[in-house]
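J.: Below are the structure tokens for one structure; questions will follow.
Throughout, read-outs are computed from the coordinates displayed, never taken from laboratory work. Since this is a predicted model, take the numbers as computed values, not measurements. All Cβ positions, even for glycine, are placed from backbone atoms using ideal geometry, and neighbour counts span all protein chains on display.
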């Protein structure tokens, strides 16, 4: 059962609590055993956190977003637009500590053109 959707997070602690609830539902299964619905839910929670840090837009992209099964080298791929430079590494650090799988965070503004095109073409926009 999914928790109610949370539109904003006041701080990283709220994100930690939400992720802990999902991990509890995993009941000892590895994070790679999460369903696509659970992955999408965690992506929305991470996007809400990134919005509170100043991101204007957030996309979830990559293999998990496309619904591919998670494996040992799987990670959450997020692209952000408008995230203040001063908040980038702190936000990434929090996500790396809290999320049950590694996280890659890409600034759309500085991404190579081919990656930016792929994000816009394949990425799932995550609203606040």
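J.: When DSSP beta bridges are limited to those with both residues in the chain, what percentage is antiparallel, rounded to the nearest 5?
T.: Just about 60 percent of them are antiparallel.
J.: Also, quick follow-up: Just want to confirm a number: the relative contact order over the chain, from Cα pairs under 8 angstrom separated by 6+ residues, in percent.
T.: Relative contact order, the chain: 29 percent.
J.: A further question follows. Taking Rh as the Kirkwood radius, which is the inverse of the mean 1/r over Cα pairs, what is the Rg/Rh value for the chain?
T.: Result for the chain is an Rg/Rh of 0.94.
J.: Under a crude label model (7 Å from the Cα following the beta-carbon direction), how far is residue 33 from residue 120 in nanometres?
T.: 4.2 nm
J.: For the chain, what is the mean residue ellipticity at 222 nm derived from helices alone (per DSSP H run of n ≥ 4: -39500 (n - 2.57); sum divided by total residues; nearest 500 deg cm²/dmol)?
T.: Taking each H run of at least 4 residues, the total per residue is -14000 deg cm²/dmol.
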